[in-house]
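The structure appears right after this line, and notes come after that.
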Amino acid sequence: MKIALIGINRYAKFLNFACDLHVYAFQEYLIQHGHDVTILDYKPAYFYDFNMRNPTEYTERKYREAILRNATDAKQKAARETELEKWAELAVGYRSVTVERERRFDKFEAFIGKHLKFTAEVYDSDLLEIEDPGFDCYICVTDVIWQPIARHVFDRGFLLGSKAFEGKQKISYAASRGATSDFTEHEAELFFEYLSDISDVSVREADFGAYIEQNSDVKAPTVMDPVMLHDKAFWQNVSEKPKLEGFVLLYYVMEQATDTITKAVEYAKANDLTLVELSDRPLKHGRVTDPDVKHIARYDVGMEEWLGYIEHAEAVFTNSFHGCCFAVQFEKKLFVGKRNGQKVPNFLATFGLDDRQFTGTTDVAELPGDIDYTPVKKKLETLQAASGEFILGALDRASARIERGERTDLAVYEQKRRSLMYPASFHSGSSLSAADTKRVVVATGEVSLKRTKSGAIEYSTPGMRYKNDGRTTLPSNRFVLPGKELIGWSLRFRIDNSWFWYLDDGTIALGTVAGKELEGRKAILADGATIPHLPVNHVSIAVFVAQWRPASN
């Protein structure tokens, strides 16, 4: 049975150390148990055109876009100010660490090249609607992969809801929704529809599992993050010892982590230790400003170095879930600051380490001492066994279903596709001359108009949705162009982020917005014709592009 893993790995925008490490841990665990495993090189739906090696231009562009965005009321203005602050900080940060970011990225890629087995082709949620990577079983693996996202509601690939996964064996291992509160009604409806098609579900946080089980018939046991499936010796083989000795590690993610930083500084000063500051934020000199503490801030580290700093630190201060995981793996003195969500408190409670989390008012002299790791290790062994039993049992069941020749009724998926509804607009034509474009008008009616960057006109009917059943008909043309008459319409549509064209042989093809590379192959639909069924699981919007010829005398 050929198995593919899908999750957040090399496309973590902040170059988060744990993203490649947890997929590496899971890959190695399955290989050790005799499974044929490949990692799907998958770009998340929210990745867009982000430049991983040098994100400066991207963040500066997002800042400019936020400045130009129209804000008409107090709520919109406040949201824009928040966004401007975020993009300004990132743009300045990435500009300041240009060289260090390149080094960090290159180290991440070197680790990937040495340790991870990826597919040769890069996939996204669009490509997985038209191309089958060819695996028998897909496992969506850990971290925050089931969190609602802007524009897309969920990343369909992470929920194994793309067309390529239909009829295949599906498993989730340690999936997380992060700090997200309970889903909205619409989100929940979509989420549980996806979840019902996954044969074996497991989650990383117990509260998420409880939410799933309270709102569906799906069993969702809690399992260990993959980095916890191995012992200390496994990670020592990956870790790289730093040259520095006698230091405290400060590692924080996401939030400003003021309390974590403050307590780490106080502890380092009180114990005459150097403070090593690491983060996933682009900070050339870090956030520590106290001149009385010996301080080193590094941004250009790779995963092996990060593990080394944890393994050899005198103490670890962190607000990171995976920072906690590896501190426990290396049996370190651990102190934990504030963090949104429950995943860090849940982790600490699991191992009886609740007292390791401090508050902003905790005096550094009151911090607890060394950790007795004997009961922690016994608990870890128990959880490792239970987690291994879940995933290996799920794979055994998947393999048995394949051997028995069990087949999923694919008609169910087709029925869902035919119930899809999507908005559509009507474009005056991408092949018109500039003069013709200026002469196009739209007949009267309750339509919304817009002028595209190319000068063309698009109209749509507000609130109108078209059903993907292969029986819905096109409304009558509203364009008027003196001296020309309408031949019909070509059809392009966007699934998530990419555009596709409907061709004259009834197939669809990935193309640019203009689709010039597909000229001569596009289907032309007569005015009032039946709209063809689109064999995909999602359509964000369809655009019918007018095709013209000289009017007959």
Task: Highest to lowest packing among 259-265, 526-532, 196-202, scored as the average C-beta count within 10 Å - done: 259-265, 196-202, 526-532
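How much net charge surrounds ALA394 when only other residues with a Cβ under 13 Å from its Cβ are counted (Lys, Arg +1; Asp, Glu -1)?
Charge balance near ALA394 sits at +1.
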TODO: Quick one: check the C-alpha center-to-center distance for the stretch 525-542 versus the stretch 432-451, whole angstrom.
DONE: 22
Open item on the list: Need the C-alpha centroid separation for the stretch 184-214 versus the stretch 26-98, integer Å.
Closed with: 26
Task: Structure-based [θ]222 nm, the chain - -39500 (n - 2.57) summed over DSSP H runs of at least 4, per residue, nearest 500 - done: -10500 deg cm²/dmol
Open item on the list: At 0.890 mPa s and 25 °C, plugging the Kirkwood radius over alpha-carbon pairs of the stretch 196-236 into Stokes-Einstein gives what diffusion coefficient in µm²/s?
Closed with: 211
Task: Gain in span if fully extended, SER540 to VAL122, counting 0.36 nm per residue against the direct Cα distance - done: 148.3 nm
Task: Counted charge near LEU432, where neighbours are those whose Cβ lies closer than 10 Å (Asp, Glu -1; Lys, Arg +1) - done: +2
Open item on the list: Using alpha carbons only, how many angstrom separate the centre of the stretch 270-320 from the centre of the stretch 501-520?
Closed with: 52
Open item on the list: Can you give me the Rg/Rh ratio for the stretch 161-268, using Cα atoms for both radii and the Kirkwood formula for Rh?
Closed with: 1.12
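Ranked highest first by the average count of other Cβ atoms within 10 Å around their residues, in what order do 332-343, 379-390 fall?
Details: 332-343: 20.7, 379-390: 15.2.
The densest-packed peptide leads the list: 332-343, 379-390.
Per residue, what volume in Å³ does the Cα convex hull of the stretch 225-370 take up? Kindly include the intermediate steps, with their values, before the conclusion.
On the way: hull volume 15.9 nm³, N = 146.
Output value, Cα hull per residue: 109 Å³.
Write down the percent of antiparallel bridges among all DSSP beta bridges whose residues are both part of the chain, to the nearest 5.
Given both bridge residues lie in the chain, the antiparallel proportion sits at roughly 40 percent.
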Open item on the list: Counting pairwise Cα distances across the stretch 285-397, what percent come out greater than 23 angstrom?
Closed with: 40
Task: the chain: relative contact order in percent, alpha carbon pairs under 8 Å with at least 6 residues between - done: 12
- [ ] Place the peptides 158-170, 505-517 in order of packing, highest mean first, counting for every residue the other Cβ atoms within 10 Å and averaging per peptide.
- [x] 158-170, 505-517
Open item on the list: Give me P(r) over the stretch 1-87, computed from all C-alpha to C-alpha distances, binned every 5 Å, as integer percentages.
Closed with: 3, 12, 16, 15, 13, 11, 9, 7, 6, 4, 2, 1
- [ ] Give me the orientation-averaged projected area of the Cα convex hull of the stretch 347-387, in nm², one decimal.
- [x] 3.3
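How much of the DSSP bridge set in the stretch 61-208 is antiparallel, in percent, rounded to the nearest 5? Before the final figure, lay out each step's value.
On the way: 1 of 10 bridges.
Taking every DSSP beta bridge within the stretch 61-208, about 10 percent pair in antiparallel fashion.
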Task: Rounded FRET efficiency, nearest 0.05, which uses the C-beta distance separating ALA529 from ASP182 and R0 of 51 Å - done: 0.70
- [ ] Please give every one of the lysines within straight-line cross-link reach of LYS377, meaning a C-alpha to C-alpha distance under 18 Å, and leave out same-chain neighbours fewer than 8 residues apart.
- [x] LYS232, LYS332, LYS333
Open item on the list: Using only the alpha-carbon atoms of the stretch 54-185 as identical scatterers, what base-10 log of I(q)/I(0) does the Debye formula give at q = 0.17, 0.19, 0.22 Å⁻¹?
Closed with: -1.19, -1.22, -1.22
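Could you work out the local net charge near ALA551, counting Lys and Arg as +1, Asp and Glu as -1, over the other residues with Cβ closer than 15 Å to its Cβ?
On the way: positive: ARG439, LYS484, ARG549; negative: ASP436, GLU485, ASP527.
With Lys, Arg at +1 and Asp, Glu at -1, the neighbours total 0.
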Open item on the list: Between GLN342 and GLU81, what is 0.36 nm times their sequence separation minus the Cα-Cα distance? Round to one decimal in nm.
Closed with: 91.1 nm
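Using 0.36 nm times the number of residues separating GLU403 and PHE192, minus their current alpha carbon distance, what extension gain do you get? Provide the component values of the computation, followed by the final result.
Working: separation 211, 0.36 × 211 = 75.96 nm, distance 2.82 nm.
Working it through step by step, the gained length comes to 73.1 nm.
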Task: Paramagnetic label zone (point 7 Å from Cα along Cα-to-C-beta, LYS232; backbone N under 13 Å) in the stretch 375-396 - done: 375-378
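Could you work out the per residue convex hull volume over the alpha carbons of the stretch 380-482, in cubic angstrom?
On the way: hull volume 23.2 nm³, N = 103.
Dividing the Cα hull volume of the stretch 380-482 by its residues yields 225 Å³.
About its Cα centre, how strong a charge dipole does the stretch 56-215 have in debye, to the nearest 20, once Lys and Arg get +1 and Asp and Glu get -1 at the Cβ? Each step should come with its number before you reach the end.
Details: 22 positive and 32 negative charges, 162 e Å.
Rounded to the nearest 20 debye, it is 780 debye.
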Open item on the list: Using +1 at the C-beta of Lys and Arg and -1 at the C-beta of Asp and Glu, which of SER320, HIS295, GLY341 has the Cα lying farthest in the positive direction of the dipole of the stretch 256-382?
Closed with: GLY341
TODO: With viscosity set to 1.002 mPa s and temperature to 20 °C, compute the Stokes-Einstein D of the stretch 303-344, Rh being the Kirkwood radius across alpha carbon pairs; µm²/s, no decimals.
DONE: 206
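Kirkwood hydrodynamic radius of the chain from all distinct Cα pairs, in Å?
Working: mean 1/r = 0.0380 Å⁻¹.
Here the Kirkwood hydrodynamic radius works out to 26.3 Å.
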Task: Leading residue at positive end of dipole, the chain (Cβ point charges), from ALA66, GLY445, VAL276 - done: GLY445
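With +1 on each Lys and Arg Cβ and -1 on each Asp and Glu Cβ, how big is the dipole of the stretch 249-316 about its Cα centre, in debye rounded to the nearest 20?
Details: 7 positive and 13 negative charges, 43 e Å.
That gives the stretch 249-316 a dipole magnitude of about 200 debye.
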Open item on the list: What distance in nm lies between label points placed 7 Å from Cα along the C-beta direction at ASP272 and ALA385?
Closed with: 4.7
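Every number here is computed from the coordinates shown, using simple stated rules; none is lab data. Just so it is clear, the model here is predicted, and its values are computed rather than measured. Cβ coordinates were reconstructed from backbone atoms using ideal geometry, including for glycine residues, and neighbour counts include every protein chain displayed.
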